[in-house]
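Below is one structure; the comments refer to it alone.
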Amino acid sequence: MKLRELFEKNDEGKLILPDFQRDFEWAREKQKSLLSSYITQLPVGSLLILEGKKEDFAAKKLCFPTSLNLEERKEECLYLLDGQQRISSLKTIFSDYYSENQNWLEVWEKMYSDLNNRWFIRVEPKKNETDIFGWKNLSFEGFKKQLLEPSEVIDFIEFRRIYKTKTNEWYNPGYSQKDSNGNSIKGNRLKVHIAKKAAEASLIPLYSISNKSSEGEKPLHEYVIEQIKNNRIEELKAAVKDNELDLIDTLEPVDPMISDYIDDEDKVRDAWSTLGAKWTEKVNKYLNELIDQEVPIIQLPSEEISRAISIFENINEGGTDLNTFDLIVAKAARAGVSDEGSLSQRILKKLEENIELPESLTTGILGDKPIKFKATSMKTIVDNKISKSFKEMYLNLLSIFSHLEYGTFDDLKVDFIKRHKILHLNFDQINQNTDIVLSSLIRSLAFLNIRLGITDINKLSYELMILPIAYLLKNDDIWNDKSKLDKIEYWYWASLFGGAYREGQNSQSIKDIKGLYLWVKLNESNKFNYLYDKVLEEEGYSNKEVLLLQDENNDLRSSVALGILQYILSKQPKDFLPNNQEELKLNAWDISAGKLIHSGDNTIELEVHDHHIIPLGDATTIEESSKKIRSNKKHVLNSPLNRTYISSVANLKIRDKSPDKYLEYVNESSKWGHCLPEQEISSNYVNYLNERFKELRKEIKKELEVLQG
């Protein structure tokens with residue numbers, strides 16, 4: 001089947017993706033490599049298509065993660081089982097999704113991020129490059145006739161990423177231009193203007209090749225080719241006048257008799273015109289025929305519909321193309337079309353919903369308390385796709401809830417969170433347990449955010465620590481009970497700073513599910529009080545020597561350093577702003593939600609920086625000192641005891657201070673909740689960091705005593 005036909009069938013709603021297909025995953029360089037093979041007419045692999053009806057599966061359109069409604073599909077459908085990455089790439093390379101829709105920003109927001117590009121092929125060769133388009137003499141023979149390899153073509157392929165804010169770039173779909181009267185130019189006038197810009201860069205747009213133009217209207221790439229030809233003709237004529245080129249040698253290929261009437265201006269002008277016209281015609285023909293290439297198709301009859309998912313899984317059974325989550329999505333689709341869409345769509349929809357926060361979670365918060373929480377604020381969705389971290393959490397908890405009755409632990413094993421056990425789930429287990437799994441995980445993310453100072457799902461010190469939390473928060477009684485949530489928080493800080501997860505994270509998380517349940521739900525004795533004495537005192541892990549980077553045998557773990565920053569943030573510290581500035585509490589929920597704050601005359605999104613409290617003493621400014629500190633990872637001032645979160649606004653205000661002025665400023669800030677010691681910073685900064693260690697340990701242990709009740 002021709003590539004053009006595949007595009008048309010997709011546009012008509014006839015060729016669609018079953019929604020058990022994974023998300024689009026190819027990076028731009030992978031798309032570029034595919035294109036270099038395709039335009040040199042090398043095989044790019046066959047497609048596997050299944051005949052079916054629109055009701056057979058939930059489905060989505062190529063290039064978009066969103067589900068198609070039944071009315072958007074043809075009654076008789078072709079489901080693309082294998083080839084999504086290739087066809088999606090080629091569709092966005094040769095099509096202009098933005099110009100096909102009035103609201104290009106809406107398309108930009110809905111499309112997979114890696115597909116938000118416009119693609120070009122460069123005509124003018126650089127030094128030592130093959131002249132693949134015959135640009136130098138305007139003589140083009142086609143890539144196949146030249147026997148070009150993809151490696152000879154790939155450097156000529158270029159893409160420009162589309163950003164919704166950079167509308168001043170000529171290739172951006174939001175680009176506009178005004179004439180001398182100040183009026184916006186539109187239609188063909190704008191197209192000609194853009195063509196001139198593209199020609200100046202020697203870039204032929206590929207994205208207009210499959211777009212249908214109105215009768216008598218040329219597509220953009222033909223305008224560009226025409227402009228490149230005109231520019232090159234003028235350059236060749238100038239080179240002939242300067243005796244850098246011979247006129248006869250240049251024009252003889254298109255007019256063998258040129259030497260007989262070299263002095264006839266009209267005939268010479270006609271020869272120049274012929275030279276340009278032939279080159280333009282050949283390049284246009286070559287590019288326009290690209291989407292008429294045949295793509296091998298393996299088409300399965302509708303009788304195979306019951307085996308579709310098995311076929312799909314078998315194609316990817318090696319695990320290289322599909323991960324565990326993709327295969328679980330495929331299994332879930334065995335239940336047929338759902339009003340809620342595929343499993344992926346159900347998850348995306350749930351993550352976008354706000355949940356009400358109970359007082360049990362927010363009691364003790366200073367100032368305005370958060371009322372609602374949306375899981376997307378924790379980066380659970382990135383580029384319209386479910387984040388990898390959330391997928392892993394979902395699969396692990398799904399397996400536990402599916403294989404084990406809540407509150408029974410005799411059969412609870414580490415195997416439950418291993419791939420083979422997860423893949424044994426059937427579609428009923430997946431579909432029946434997904435809602436409660438998502439609810440438990442979203443509650444857990446809210447707990448991480450509100451109670452633990454964690455602003456991003458990817459910044460959890462130990463990813464599997466979410467499992468005991470989520471397991472317990474399935475229960476409404478626990479979710480709505482402050483004393484029970486306090487115990488969970490106790491377990492988290494004690495385990496993190498006491499070293500419970502330094503080894504064997506898998507087995508520890510499974511063990512803690514039972515231990516935490518017995519303590520929190522059944523009010524048995526505290527199974528974790530042994531960790532209290534280990535908090536910031538676990539040798540080789542969280543003790544003072546490790547934190548000061550003075551332990552020769554053990555490196556500092558990022559989990560501990562990150563945990564300290566998040567503990568400070570969980571205390572709602574005040575920002576490092578001068579006394580005459582408006583007070584700003586650094587709240588994790590405001591940071592993750594991107595709260596807007598005022599800075600002078602500007603309104604900006606709240607963002608925090610990992611800040612070194614004490615700079616090096618021999619630098620001129622704080623900014624210079626930070627660079628020196630970061631260059632030496634073992635420098636004591638890189639210790640987590642010398643770091644805290646401050647806002648980007650505060651960072652800008654203090655970065656130009658001299659170290660002396662800055663130290664005075666920090667000394668005044670000791671009462672602001674960053675666990676800074678009362679003593680002033682002096683040249684003996686190791687002593688100061690020792691005191692901060694004591695202050696931090698004292699604060700954590702004091703809080704643990706309150707939390708355990």
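Report yes if PHE120 is closer than 17 Å to TYR286 by Cβ, at pLDDT 95 or above and surrounded by 19 or more Cβ atoms within 10 Å (Cβ to Cβ), otherwise no. Yes, satisfied.
Residues in region 162-174 that are closer than 15 Å to TYR97 by Cα, in contact with a Ser or Thr (Cβ under 9 Å, 6 or more places away or on another chain) and surrounded by fewer than 17 Cβ atoms within 10 Å (Cβ to Cβ): GLY174 alone.
Listed conditions (1) buried (at least 17 other Cβ atoms within 10 Å of the Cβ); (2) modelled with pLDDT of 95 or more; (3) of a type in the set (A, V, I, L, M, F, W, C) are all met by ILE436, apart from (1).
Might you let me know whether region 69-86 holds any residue that is in a loop (DSSP other than H, G, I, E, B) and in contact with a helix residue (DSSP H, G or I) (Cβ under 7 Å, 6 or more places away or on another chain)? Checked against the condition, which is being in a loop (DSSP other than H, G, I, E, B) and in contact with a helix residue (DSSP H, G or I) (Cβ under 7 Å, 6 or more places away or on another chain), region 69-86 yields at least one hit. Scanning region 409-420 turns up one or more residues that are over 23 Å from ASN458 (Cα atoms) and among the hydrophobic types (A, V, I, L, M, F, W, C). Looking at region 304-329, which of its residues are among the hydrophobic types (A, V, I, L, M, F, W, C), at pLDDT below 80 and either exposed (fewer than 13 other Cβ atoms within 10 Å of the Cβ) or in a helix (DSSP H, G or I) (or both)? Across region 304-329, the qualifying residues are ILE305, ALA308, ILE309, ILE311, PHE312, ILE315. Determine whether LYS474 is touching a residue at least 40 places away in the same chain (Cβ under 8 Å), crowded, with 16+ Cβ neighbours inside 10 Å and among the charged types (D, E, K, R). Here the answer is yes, as LYS474 does meet what is asked.
Evaluation of ALA271 against the conditions (1) in a helix (DSSP H, G or I); (2) surrounded by fewer than 14 Cβ atoms within 10 Å (Cβ to Cβ) shows that the sole unmet condition is (2). Give the residues of region 99-122 that are in contact with a helix residue (DSSP H, G or I) (Cβ under 6 Å, 6 or more places away or on another chain) and either within 19 Å of ALA201 (Cβ to Cβ) or β-branched (Val, Ile, Thr) (or both), sorted by residue number. Matches in region 99-122: TRP119, ILE121, ARG122. Within region 512-532, does at least one residue satisfy the condition of being under 30 Å from ILE614 (Cβ atoms) and either among the acidic types (Asp, Glu) or touching a Pro at 6+ places or on another chain (Cβ under 9 Å) (or both)? No, the conditions are met nowhere in region 512-532. When LYS634 is tested against (1) in a loop (DSSP other than H, G, I, E, B); (2) modelled with pLDDT of 90 or more, only condition (2) is not met.
Residue by residue, here is whether (1) in contact with a helix residue (DSSP H, G or I) (Cβ under 6 Å, 6 or more places away or on another chain); (2) among the small types (Gly, Ala, Ser) holds:
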site: HIS403; (1), (2): yes, no
site: PHE409; (1), (2): yes, no
site: PHE416; (1), (2): yes, no
site: HIS424; (1), (2): no, no
site: SER440; (1), (2): yes, yes
site: SER444; (1), (2): yes, yes
site: ASN449; (1), (2): yes, no
site: LEU452; (1), (2): yes, no
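Name every residue in region 131-174 that is acidic (Asp, Glu) and either within 24 Å of LEU42 (Cβ to Cβ) or in contact (Cβ under 8 Å) with a residue 60 or more places away in the chain (or both), in order of residue number. Matches in region 131-174: ASP131, GLU141, GLU149, GLU152, ASP155, GLU158.
Candidates are the residues of region 278-306 that are touching a helix residue (DSSP H, G or I) at 6+ places or on another chain (Cβ under 9 Å) and either among the acidic types (Asp, Glu) or without any contact (Cβ under 8 Å) to a residue 40 or more places away in the chain (or both); the one that is farthest from VAL240 (Cα to Cα) is GLU304. SER509: under 30 Å from TYR406 (Cα atoms), crowded, with 20+ Cβ neighbours inside 10 Å, polar (S, T, N, Q) and not assigned by TED's automatic domain parsing to the domain that holds LEU397, yes or no? Criteria not met by SER509.
Within region 374-389, is even one residue under 17 Å from PRO468 (Cβ atoms) and touching a residue at least 24 places away in the same chain (Cβ under 8 Å)? Checked region 374-389: at least one residue is under 17 Å from PRO468 (Cβ atoms) and touching a residue at least 24 places away in the same chain (Cβ under 8 Å). Is region 189-198 home to any residue that is surrounded by fewer than 18 Cβ atoms within 10 Å (Cβ to Cβ) and part of a loop (DSSP other than H, G, I, E, B)? Checked region 189-198: no residue is surrounded by fewer than 18 Cβ atoms within 10 Å (Cβ to Cβ) and part of a loop (DSSP other than H, G, I, E, B). The criterion of at least 2 residues that are at pLDDT 95 or above, crowded, with 20+ Cβ neighbours inside 10 Å and within 31 Å of the chain's Cα centre (by Cα) is met, among helices (runs of 4 or more DSSP H) falling completely within region 513-614, by 558-570, 588-592. If only residues of region 414-433 that are closer than 13 Å to ALA330 by Cβ and over 28 Å from the mean Cα position of the chain (by Cα) are counted, the one that is surrounded by the most Cβ atoms within 10 Å (Cβ to Cβ) is LEU425.
The values are calculated or read from the model by the stated rules, or taken from the named source; none is laboratory data. Everything quoted here is computed from the prediction, not taken from an experiment. Cβ coordinates were reconstructed from backbone atoms using ideal geometry, including for glycine residues, and neighbour counts include every protein chain displayed.
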